[in-house]
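Take a look at the structure set out below.
The values are calculated or read from the model by the stated rules, or taken from the named source; none is laboratory data. For clarity, every value in this text was computed on a predicted model and none was experimentally measured. When we count neighbours, we look across all protein chains shown, and the Cβ atoms used for this are built from the backbone with ideal geometry, even at glycine.
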Amino acid sequence: MSPLLERSRLCTVRWALLGICLLVALGGGLAEAVERGRAVRPLKRYQQTESHMGTYFTIILYAPSEEAARSAFRAAFARVAELDRILSDYNPDSELNRLCAQAGRGPVVVSEHLYRVLEESVRVARISGGAFDVTVRPVVRLWRRARRQKRFPDPNRLRAARKLVGYDKIVLYPEKRAVQLRQPGMQIDLGGIGKGYALDQAIEVLKNRGIESALVDGGGDIAVSAPPPGRAGWIIAVPMPASTEPTYLVLAHTAVATSGDAERFVVLNGVRYSHIVDPRTGIAVKGPRQVSVVHSRAMTADALATALSVFGPQDALAFARKHDLAAQVVAEQDGRYAVLRSPAFDRLLCRSRRVLQRLQRSTER
Ligand code: AMP
Ligand code: MG
């Protein structure tokens, strides 16, 4: 299957998840905006969807007029498209791929966006002990082929690819905003973090245009700013396997990212291998597993959700507790799903019986 086809299959699944998320992103209708005790123009809810980064992005926002909403949508989606041109590994002309072409040579001055994403990639690689590592791309490629051909990657190729992996081979020069990839042939894959950064940036662009209350959904990963007017928070459905109880969170000024192998996996010798790879062993992550992380930055939530998918469920939870991180792990145990949550994640659960009943009624319809 071509990467593009694979992506479109992913879109279908994520689109289904998105439907659930939007269904429960409550807060429609008119609301009064109050500024310094004085009523100003009522804010109205607007929503728009576009296809970007191989998935669907949906923005819900509250604006005083259709004109204001339209120009805010345009600016936010333009930023996401700009970031796709910078961060994509599919587009041969992306800034990322131009940087990779310089691997083994001297430092390259990069855009602020690319620098920030690489800087955070290295930080998360360090704190996760290399479970998250954007230099894993040569190995990811072999596993992509393994999924298409339904057989294990060739051991010689895997060995060669693993020699190119290691976040310590990325050298950052903050003063010059430059990056050096030390080893020839190194390749970077921002698939585990780039979408999160795009969500942060979309929220930022909206804020700069005076849009305080917004939700940006990129294929099931969601960033929110202030709650809808008059509400305590955005109510978000976390993507879950179909047979498990839905999880609803109440969120404001934060983001939630979910990593999982709901669609992209291969079964070899009776074992299920995910599209996420353990960079330390070169072997794809085993078993159905889904990890959601809430963090004030969507970029960090995205990277950590990928990192925790590499850990086993218990280690993921221990990491979350140690770092006071809001994380949920759904793992299969003896044919049944077990849902594990860190205390910080538990605190974000929607507990309002009235809201939960309303959500249940709306999903049953
Ligand atoms: P996500 O859906 O955010 O978990 O990202 C998954 C994508 O990140 C994969 O499709 C790969 O492109 C890339 N990836 C896979 N394993 C890792 C890893 N251990 N660290 C960083 N990126 C990874
Ligand atoms: Mg991720």
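Regarding the range 203-221, can at least one residue be identified that is within 12 Å of ligand 1 (Cβ to nearest atom), of a type outside the set (Gly, Ala, Ser) and surrounded by fewer than 24 Cβ atoms within 10 Å (Cβ to Cβ)?
Scanning the range 203-221, I find no residue that is within 12 Å of ligand 1 (Cβ to nearest atom), of a type outside the set (Gly, Ala, Ser) and surrounded by fewer than 24 Cβ atoms within 10 Å (Cβ to Cβ), so the answer is no.
Based on what the data block shows, is Asp217 at pLDDT 95 or above, within 13 Å of the chain's Cα centre (by Cα) and among the acidic types (Asp, Glu)?
In short, yes.
From the list Arg151, Arg144, which one is within 24 Å of the chain's Cα centre (by Cα) and under 17 Å from Ser274 (Cβ atoms)?
Arg144
Which helices (runs of 4 or more DSSP H) does the range 252-365 wholly contain that include 2 or more residues that are touching a Leu at 6+ places or on another chain (Cβ under 8 Å) and more than 27 Å from Glu204 (Cβ to Cβ)?
Per the criteria, 313-322, 353-364.
Residue under question is Thr244, and the condition is that it be under 17 Å from Val329 (Cβ atoms) and within 12 Å of ligand 1 (Cβ to nearest atom); does it hold?
No.
May I ask you to verify whether Asp261 is at pLDDT 95 or above and charged (D, E, K, R)?
no
Within the range 268-283, track down each residue that is under 14 Å from Val136 (Cβ atoms), touching a residue at least 40 places away in the same chain (Cβ under 8 Å) and more than 8 Å from ligand 1 (Cβ to nearest atom).
Listed by number, the residues that qualify are Arg280, Gly282.
Taking the condition of being exposed (fewer than 15 other Cβ atoms within 10 Å of the Cβ), of a type in the set (Asp, Glu) and closer than 19 Å to Leu249 by Cβ, how many residues in the range 287-346 meet it?
Qualifying residue count for the region: 2.
Within the range 247-267, take every residue that is away from ligand 1 (no atom under 16 Å from the Cβ) and of a type outside the set (Gly, Ala, Ser) and give me the one that is surrounded by the fewest Cβ atoms within 10 Å (Cβ to Cβ).
Val267
Return the residues of the range 154-169 that are farther than 12 Å from Arg137 by Cβ, outside any helix (DSSP H, G or I) and among the aliphatic types (A, V, I, L, M); say none if nothing qualifies.
Within the range 154-169, none qualify.
Just to be sure, is Arg123 surrounded by fewer than 23 Cβ atoms within 10 Å (Cβ to Cβ), more than 25 Å from Ser51 (Cβ to Cβ) and within 15 Å of ligand 2 (Cβ to nearest atom)?
yes
Name the pairs whose Cβ atoms lie under 8 Å apart, with the first residue in the range 189-207 and over 10 Å from Val117 (Cβ atoms), the second among the aromatic types (Phe, Trp, Tyr) and within 11 Å of ligand 2 (Cβ to nearest atom), and 6 or more positions between them or separate chains?
Gly192/Phe132
Checking Pro184 against (1) in a loop (DSSP other than H, G, I, E, B); (2) modelled with pLDDT of 95 or more; (3) buried (at least 18 other Cβ atoms within 10 Å of the Cβ): exactly one of these is not met. Which one?
(3)
When you scan the range 159-177, do you find a residue that is at pLDDT 95 or above, over 30 Å from Ala101 (Cβ atoms) and more than 16 Å from ligand 2 (Cβ to nearest atom), even just one?
The answer is no, given that none of the residues of the range 159-177 is at pLDDT 95 or above, over 30 Å from Ala101 (Cβ atoms) and more than 16 Å from ligand 2 (Cβ to nearest atom).
Give me a count of the residues in the range 222-241 that are within 16 Å of ligand 1 (Cβ to nearest atom) and more than 14 Å from the chain's Cα centre (by Cα).
Result for the range 222-241: 2.
Please identify the pairs in which a residue from the range 58-85 that is within 17 Å of Ile222 (Cα to Cα) and without any contact (Cβ under 8 Å) to a residue 60 or more places away in the chain has its Cβ atom under 6 Å from the Cβ atom of a residue that is surrounded by 15 or more Cβ atoms within 10 Å (Cβ to Cβ) and among the aromatic types (Phe, Trp, Tyr), counting only partners at least 6 apart or on another chain.
Going by the 6 Å Cβ cut-off, there are no qualifying pairs.
Which one of the conditions (1) more than 16 Å from ligand 2 (Cβ to nearest atom); (2) in a loop (DSSP other than H, G, I, E, B) does Arg148 fail to meet, given that it meets all the rest?
(2)
When the range 292-315 is examined, which residues are found to be farther than 20 Å from Gln187 by Cβ, within 12 Å of ligand 1 (Cβ to nearest atom) and more than 11 Å from the chain's Cα centre (by Cα)?
Leu308, Ser309, Phe311
Among the residues of the range 191-248, what is the count of those that are among the basic types (Lys, Arg) and in a loop (DSSP other than H, G, I, E, B)?
Adding up the residues that qualify gives 2.
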